[in-house]
1. Step by step: first the residues of segment B:167-198, then only those that are among the aliphatic types (A, V, I, L, M) and within 14 Å of chain A (Cβ to nearest Cβ), then the one that is surrounded by the most Cβ atoms within 10 Å (Cβ to Cβ). Which residue is that?
2. Within 20 Å of the chain's Cα centre (by Cα) and hydrophobic (A, V, I, L, M, F, W, C), is that true of B:Val282?
3. Among the residues that make up segment B:650-659, is at least one of them touching a residue at least 60 places away in the same chain (Cβ under 8 Å), within 29 Å of the chain's Cα centre (by Cα) and assigned to a helix (DSSP H, G or I)?
4. Return a yes/no flag: does segment A:79-102 have any residue that is within 29 Å of the chain's Cα centre (by Cα) and more than 30 Å from A:Ser693 (Cβ to Cβ).
5. If you go through segment A:559-578 one residue at a time, do you hit one that is within 26 Å of the chain's Cα centre (by Cα) and more than 14 Å from chain B (Cβ to nearest Cβ)?
6. If I ask for residues that are without any contact (Cβ under 8 Å) to a residue 12 or more places away in the chain and either away from chain B (no Cβ under 14 Å) or under 29 Å from B:Gly364 (Cα atoms) (or both), which ones from segment A:364-386 would you list?
7. Condition first: surrounded by 16 or more Cβ atoms within 10 Å (Cβ to Cβ), more than 30 Å from A:Leu392 (Cβ to Cβ) and touching a helix residue (DSSP H, G or I) at 6+ places or on another chain (Cβ under 6 Å). Can you find one or more residues in segment B:607-619 that meet it?
8. Here are some conditions: (1) within 17 Å of B:Leu691 (Cβ to Cβ); (2) facing another protein chain (nearest Cβ under 7 Å). B:Ala491 meets all but one. Which one does it not meet?
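The values are calculated or read from the model by the stated rules, or taken from the named source; none is laboratory data. All of these numbers come straight from a predicted model, not from anything done at the bench. Cβ atoms come from the backbone with ideal geometry, glycine included; neighbour counts cover every protein chain shown.
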2 protein chains.
Amino acid sequence: MDELTVFLIASIGISVVAFLFAAWLYGWVKRQPCENERINEVGGYIKKGAEVFLNREYKVLAKFAAVAAVIILVLLPSPIWKGDFVPNIKMTVSYLCGTVFSAIAGKIGISVSTIANGRTAVAATKGIRPSFLCGFRGGAVMGMAVVGASLLGVSLVFWVTGSGTALLGFSFGASSLALFAKAGGGIFTKTADIAADLTGKVELGIPEDDPRNPAVVADNVGDNVGDVAGMGADLFDSNVASMAAALVMGSALDNTGAVGGNCVPTVFCYAAIGLLSSIIGVAAARMGKNDNPTTALNSSTYVTTGIFAAMTALATFLLGFEWRIWGASTIGLVVGTVIGIASDYFTDDRKKPVKMTAKASESGPAFTILSGVSYAFLSTLPSMVGIGVSALAAYNLCAPLGGELYGVEYALFGIAMAAVGMLSIVGMIISNDAYGPIVDNARGLAEMGNLGEDIIEITDKLDSAGNTVKAVTKGFAIGAAGLTVIALLGAFLSEVRGAAIELGKNAADFAGLDIMNPNVFFGLLAGAAIPAVFSAMLMLGVNRNAMRMVDEIHRQFCEIAGLKEGKEGVTPEYDKCIDIATSGALKELIPAGLVSIVVTIAVGFIGGVNAIGGFLTGNIVSGLLLALFLSNSGGLWDNSKKYVESGEHGGKGSDAHKAAVIGDTVGDPFKDTAGPSINTQITVVSLVSSLLSTLFLSFSIF
Amino acid sequence: MDELTVFLIASIGISVVAFLFAAWLYGWVKRQPCENERINEVGGYIKKGAEVFLNREYKVLAKFAAVAAVIILVLLPSPIWKGDFVPNIKMTVSYLCGTVFSAIAGKIGISVSTIANGRTAVAATKGIRPSFLCGFRGGAVMGMAVVGASLLGVSLVFWVTGSGTALLGFSFGASSLALFAKAGGGIFTKTADIAADLTGKVELGIPEDDPRNPAVVADNVGDNVGDVAGMGADLFDSNVASMAAALVMGSALDNTGAVGGNCVPTVFCYAAIGLLSSIIGVAAARMGKNDNPTTALNSSTYVTTGIFAAMTALATFLLGFEWRIWGASTIGLVVGTVIGIASDYFTDDRKKPVKMTAKASESGPAFTILSGVSYAFLSTLPSMVGIGVSALAAYNLCAPLGGELYGVEYALFGIAMAAVGMLSIVGMIISNDAYGPIVDNARGLAEMGNLGEDIIEITDKLDSAGNTVKAVTKGFAIGAAGLTVIALLGAFLSEVRGAAIELGKNAADFAGLDIMNPNVFFGLLAGAAIPAVFSAMLMLGVNRNAMRMVDEIHRQFCEIAGLKEGKEGVTPEYDKCIDIATSGALKELIPAGLVSIVVTIAVGFIGGVNAIGGFLTGNIVSGLLLALFLSNSGGLWDNSKKYVESGEHGGKGSDAHKAAVIGDTVGDPFKDTAGPSINTQITVVSLVSSLLSTLFLSFSIF
């Protein structure tokens, strides 16, 4: 048995351990008591709503995947009429596996988060620590399922096909699911959130999560489908893409017999250690006696980070891997942390940006917006520079491994390893992130189940910790996506060179992407506009859909007697609102997704691979910029509102509060719909380009 | 006398004609009657305020320029200790000329706009047509002065020094002035505008331009210093930069004796024809009997465009210039028009984006913002693709001129000529643009001079036309800046290659900018963040400064008895507000300007010319994206507010109106401070990079 097989088996083994651990956590959560009748009733609505959405989403996705699978079967990696159809079948099956693995992980996540929410609320009656543990372990099920499924899938596909290219198919499958889950879920959640706020808080002046509001269940469903299933699919996608990029380049390098060697085993070894570290981190997570959930979440992240760095160092030492590659992955980890801290600075209510924005709200909502936009613009600098520096450092660190001949290839592999390093602790990140919507739901259920002010306060504290931690994890996610797509750009060019040789063209013509080539520059400008267009289409979709739901809520208030007044026994038709959010989300996301894919294909057939290279670069650069801007401004406004609500600048009900609420409403689709979907859009575009590179080489106008 | 000398003399001659025409227009405006005492009084305040600002701005600038001149003298184009100091003296003098020529043009523009405003108001008593003519001719003085000064300066510098590199110095001088005038003026104007609105419209409920408001004169001063002097300096800068880029590349090509030849004479010939066309267009401009000022402004633009295309074709035919170069300049002109039309679609109140944003305002200000942001994101696509396509087309059109050896050089020269073509009608564009603040002021003066509702309505119509036309001219300005900086990127690389040869390095190493080079990629990411940071700093500066002015206004309302109530004979201390706007604007802009220059230098010394090349590219790409986003969103919100005010969705005073006003307030610093300043920031960064390329080549860390 060779070294690679050992690591493949180890990876599969640890994936299975992750699944078993997830099953144990699931059982633990399920065993927690939940006797409150009202909570069970509403919790049941939420569970059913989330399942309805997921099933309908998966049905639409199945159609999309079927069409894509046929196209792949016929055309990729090379047209089937050229004779050899085995690689096409491998690619198609890999693609379908990518969608199915990610879908299963999403399904598991949703099914646990929708039972953990009520139990977390009930556990709060025994104190904050058991409640925290219930919320965290619910989220950890998702974390384990996602990372287990992605490592298992990548290992199996690589083992069975032995091909890096087939992995790109798997990755593309994960991306298409992520596009639907993240963008669709993002539209769903903000549709419901906005409609609930507009009709409830603004028109009627009733509190958030008031059970009279027909949109309130849809709002809670949204947290699950957007933040649990959507975010999970997004990170599944990033994680797979970073491994795929590293493996495509690594397997090419291992075949050259250059100094570095061992690239593929290193990738699997580090990925397995990353998952193991996350398992240990999750198992060890507890809230300390000091009762601060934010510290508990962050310290478990840092523990995981430390374990990963130490264990990979040990493995590198024992197994004789290259220290430079270890260095690259550690750079990724460190820069990820730095980006997280920078994002935290701009969204933390103890720091200047949030405080100044809250103060600006005293002068009216226009100043809330202007201040938030300005600080969010500033916030892009550290992350952009951080991603650039980590790419530069990883490149220069690993270039010497390749010697004269393969320096560039090793250098790009180094960048991919920095992304793998940054995403090594993704199991922990997802656990923390999925914790957020569970405790958010718990807060709503505590309110609807009449658990009393004290309990609501506990869930409020847990919820607020979720928001703060989100900033850090989002920083990681955006940074990793940035590095991954840089690596994918390298993978794209290496695909192009391979295809060029097959087509009898000169591979050296595609050694790089010269900005002064007008095709590249044209692609650069067009590509830069796409993330803006994509997020605009999603946000306009949210607006349109929210207006539909507002109409439905008005209808119910009008037609259901006693609902507005809160008469005993009168309940709104929650499912109507869930229906609108579901069908609207799917209707609105398809054009946005299609536009990105179609424009990519159009640019490729117009300007060929050079234009596509520029297009990808423009897409990455402006995508990172806008994703950081949208995520950070949203977080900043959310926390400014909370800061004012804590009693500053007049507190709740003051003019500053009204202005801050407007800022938060603007920020919601920024941070929960548009911002996080950009990652997925970039990955999809990168993969479409890589997969179609042969076609673009063969047929293009210029 | 050789051909070039003929064209130089012709250019200088036509510049002088432009100045004489400007003097005639100035005299004409001055001869218009203005007997209203109150208008003369307030007009005097405005005039004095604008002059105070300009003088203080120029003083600060003089210090900055003195420091820059010393640095240039010592270091550029090559360190003085290397022996040859004549080029350094040429460069320094050219730099100083660039600032002085632009400053003189600005001074002329301000001095006419501040007398034309009152006369336009008084002329409105005789009807809309004489009033229009007075406003337009006032603006045309600025147009003629700017283009005359820029063509004169470029011709003289080129004649005397015979060097393209010295022209970069002239261009850098123009840029440093533009940075101060545009960014400083932008901060000034929005400081006053926001403070006036917050205290007047919002707090007291008194109308715009009410003379009781202490900020009202500063607001009108702001229109002049921001939109007349600032915008003029910006377009002076773009115009000079496009010519400089074309001449640097053209003179290198003319020395090669390749097919194309005649590059430099072509540039001067086309530039002279452009100015001549603008003179004819301005002289012919009248408002037709149908009484629509928008049509009058737009049709004079189209007339100028047609004259330019026809006359350059004739010149090309008669003088035997290359048709391909004519084609490139015509592509620029056509694409400029297309971009203008696209910008118009997103900001015109008869089109969907403005209407939908007005409708969204019914649901509250958050939806005004979300809708505006979304449409403005969408609006970036046509312009980005348009700029990319015109660069691609001009490149491919002109590449054959260079044959095997100089194809790339001619192709880049073609891009520069597309920019020259797009800016050929800049005289007309500035005339139209400077018309805006004059009629805006006239509206204010008509209100303060109690000229009655009918007259105010006439000036309102003229003002609204100014806003609509602005969208088109801004499209031209951004598009031209985009093409110019692409050409400057070419000029930068050609400087680098020249310097590399002098330093004994291999020029072929700097033939292009490979995105896969990690230094380039690092620069790309860092460069993309700079326009965001720059605009954020300006907007935060506006916020801070407006708060200072609001405090001052509150003090006056408190301390000056009878002011709030509008007691006869009580006037506010207008000059205090002007003082605050002036000193604050200068204080706030310096850090933003320095940050862009310092970061450029830092990136250059860290990553060398490759990092700087990537930095410039990132800067251009994200700068164009953000400039389009900020300008178009601002225009869209402004016109949405006007649309609601025209009686739609409840009209003035409705909730939709309040929401639309908030959108407009957000949009003001977007479109008048941050958006238009980005152009200048990009040009400054490009020129700093070109000027310092030798230094970056000699000393850099990586």
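1. Per the stated criteria, the residue is B:Ile187.
2. Answer is yes for this residue.
3. Looking through segment B:650-659, none of the residues is touching a residue at least 60 places away in the same chain (Cβ under 8 Å), within 29 Å of the chain's Cα centre (by Cα) and assigned to a helix (DSSP H, G or I).
4. For segment A:79-102, residues within 29 Å of the chain's Cα centre (by Cα) and more than 30 Å from A:Ser693 (Cβ to Cβ): absent.
5. yes
6. A:Ala366, A:Leu370, A:Ser374
7. No.
8. (2)
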